[in-house]
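The values are calculated or read from the model by the stated rules, or taken from the named source; none is laboratory data. All values derive from a computational prediction rather than experimental measurement. Cβ placement follows ideal geometry from the backbone for every residue including glycine, while neighbour counts extend to all protein chains displayed. Remember, those area values only see protein heavy atoms, side chains included, never the ligands or the DNA or RNA. Shrake-Rupley method; radii C 1.70, N 1.55, O 1.52, S 1.80 Å.
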Amino acid sequence: MMDKTMKDVFLDELRLCEVGPGQTIAVLSEGDLLRDYAEYSLSAASELGAHVIDANLQVEQAMDASERIANVGKNPLSSYPAVLQQCCEADMVVDHMLLLFSHEQIAMQEAGTRVLLVVEPPEILQRLFPTPELRKRVEAGERRLRGAKCLRFTNAAGTDVTYNLDGQSILTEYGYTCSPGRWDHWPGGFLATVAADKGVNGRVVMDVDDIIFPLKRFVTSPTEFVIRDGAVIEINGGSDADMLKNFIDEYQDPRAYAISHIGWGLNAACKWDVDLPGIGMDGRACYGNVLFSMGPNTEFGGDNDTPCHLDLPMQLCTLMLDDELIVDEGKVVPVDMRV
């Protein structure tokens, strides 16, 4: 992929999404941000025989992905009902705005439109280009997660927390989408779910060099989250704990302390590096991590739409689904999920 032009890379991506004749593809962007990506998407979809809609919102102040990921769910599309309707009527939307956790994205999916998020820099899109093999690993995890009643994860720093799953929604990310109503993110490589209401209890202790997103920084000392009935009731530790509490409290929304999704990474091409450009898919999807999250749950059918979302990827954790060992101190155990 690194030897291909971006135009060809986008063409390969939309082929994976099975774009073709008879389909309508809406390409969503705002102002001049990622305008080159919008042109690549429009060109690729046209070359594959689809009808294309250039859904470019002319806004006074466009917000890039790194800004929007720190304030999820808010976007200018809500002020453009005609464009939103076009997106809901399309077969697929290529999202260059970052609609993640938004009511607008959910409306598209409920209408049967598949959605592909593409906002990462070219070097990330190329290095983490999705493959059918990655999809197989993620879907192997999905099959196990779908049948599980309890998820438990631990680590040497003192984490011991359980999630009562009770048949909740599952999010799979392998980097492309072919099914009506399905959202994905290029690049991807992990899966996640949420617990039943009030179904998370225990403690999570992030250790040194675990990652805090969207702040894109490593933890510098052990930081404890005490969880009761699905919400964090204490954050204890040093400067990282103080910083996290201040970050959350700036939103003035107690729902930001709710536990969101839990999952694990399966993309072996990812790097554990917070200094890479983009919004941090390397850390989120890194092979063998456990991704612990706080904040909104609308992607999973919930009603918590707080704009404060923390993704907290952790290394060297052990994760079990019921009695099956899935990740053992950062090593993926089931054969059909291993590289």
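Kindly indicate the residue of region 160-216 that is outside any strand (DSSP E or B) and over 25 Å from Ile106 (Cα atoms) and also least open to solvent (accessible area, probe 1.4 Å) among those meeting that condition.
Step one: list which residues in region 160-216 are outside any strand (DSSP E or B), which gives 165-169, 174-182, 186-189, 194-199, 207-210, 214-216.
Keeping just the survivors that are over 25 Å from Ile106 (Cα atoms) gives 207-210, 215-216.
On the way: Asp207: 59, Val208: 70, Asp209: 71, Asp210: 3, Leu215: 61, Lys216: 62 Å².
Within region 160-216, the match that is least open to solvent (accessible area, probe 1.4 Å) is Asp210.
Screening Asn71 with (1) assigned to a helix (DSSP H, G or I); (2) open to solvent by 20 Å² or more (accessible area, probe 1.4 Å); (3) among the polar types (S, T, N, Q) gives one miss only, at (1). In region 217-249, how many residues are in contact with a Leu (Cβ under 8 Å, 6 or more places away or on another chain) and part of a strand (DSSP E or B)? Matching residues across region 217-249 total 2.
Which residues, counting only those in region 254-292, are open to solvent by less than 30 Å² (accessible area, probe 1.4 Å), charged (D, E, K, R) and under 23 Å from Gly302 (Cα atoms)?
Arg284
Tallying residues that are of a type outside the set (Phe, Trp, Tyr), surrounded by 17 or more Cβ atoms within 10 Å (Cβ to Cβ) and part of a loop (DSSP other than H, G, I, E, B) within region 74-86 yields 1.
Just name the residue that is most open to solvent (accessible area, probe 1.4 Å) out of those in region 47-68 that are under 18 Å from Asp311 (Cα atoms) and of a type outside the set (Ser, Thr, Tyr). Out of the qualifying residues, it is Glu67.
Do you know which residues across region 286-338 are in contact with a Cys (Cβ under 6 Å, 6 or more places away or on another chain) and not in a strand (DSSP E or B)? Break it down stepwise before answering.
Within region 286-338, the subset in contact with a Cys (Cβ under 6 Å, 6 or more places away or on another chain) is 286, 290, 295, 322.
Listed by number, the residues that qualify are Gly295, Asp322.
Checking each residue in region 235-271 for being in contact (Cβ under 8 Å) with a residue 40 or more places away in the chain and of a type in the set (Ser, Thr, Tyr) picks out Tyr251, Ser260. Name, by its number, the condition in (1) open to solvent by less than 10 Å² (accessible area, probe 1.4 Å); (2) at pLDDT 95 or above; (3) of a type outside the set (A, V, I, L, M, F, W, C); (4) within 16 Å of the chain's Cα centre (by Cα) that does not hold for Thr113. All conditions are met except number (4).
Only one of the numbered conditions (1) assigned to a loop (DSSP other than H, G, I, E, B); (2) farther than 15 Å from Val119 by Cβ is violated by Ala44, and that is (1).
The rows are residues; the columns are (1) of a type in the set (Ser, Thr, Tyr); (2) under 21 Å from His185 (Cβ atoms); (3) without any contact (Cβ under 8 Å) to a residue 40 or more places away in the chain.
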site	(1), (2), (3)
Gly20	no, no, yes
Glu30	no, yes, no
Leu34	no, yes, no
Ala55	no, yes, yes
Val59	no, no, yes
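Just checking, which of Gly230, Gly302 is more than 13 Å from the chain's Cα centre (by Cα) and either open to solvent by less than 10 Å² (accessible area, probe 1.4 Å) or within 17 Å of Leu171 (Cα to Cα) (or both)?
On the way: Gly230 fails: either open to solvent by less than 10 Å² (accessible area, probe 1.4 Å) or within 17 Å of Leu171 (Cα to Cα) (or both).
Just one listed residue meets the conditions, Gly302.
For region 140-149, a residue qualifies if it is open to solvent by less than 50 Å² (accessible area, probe 1.4 Å) and not aliphatic (A, V, I, L, M), and the qualifying residues are Gly141, Glu142.
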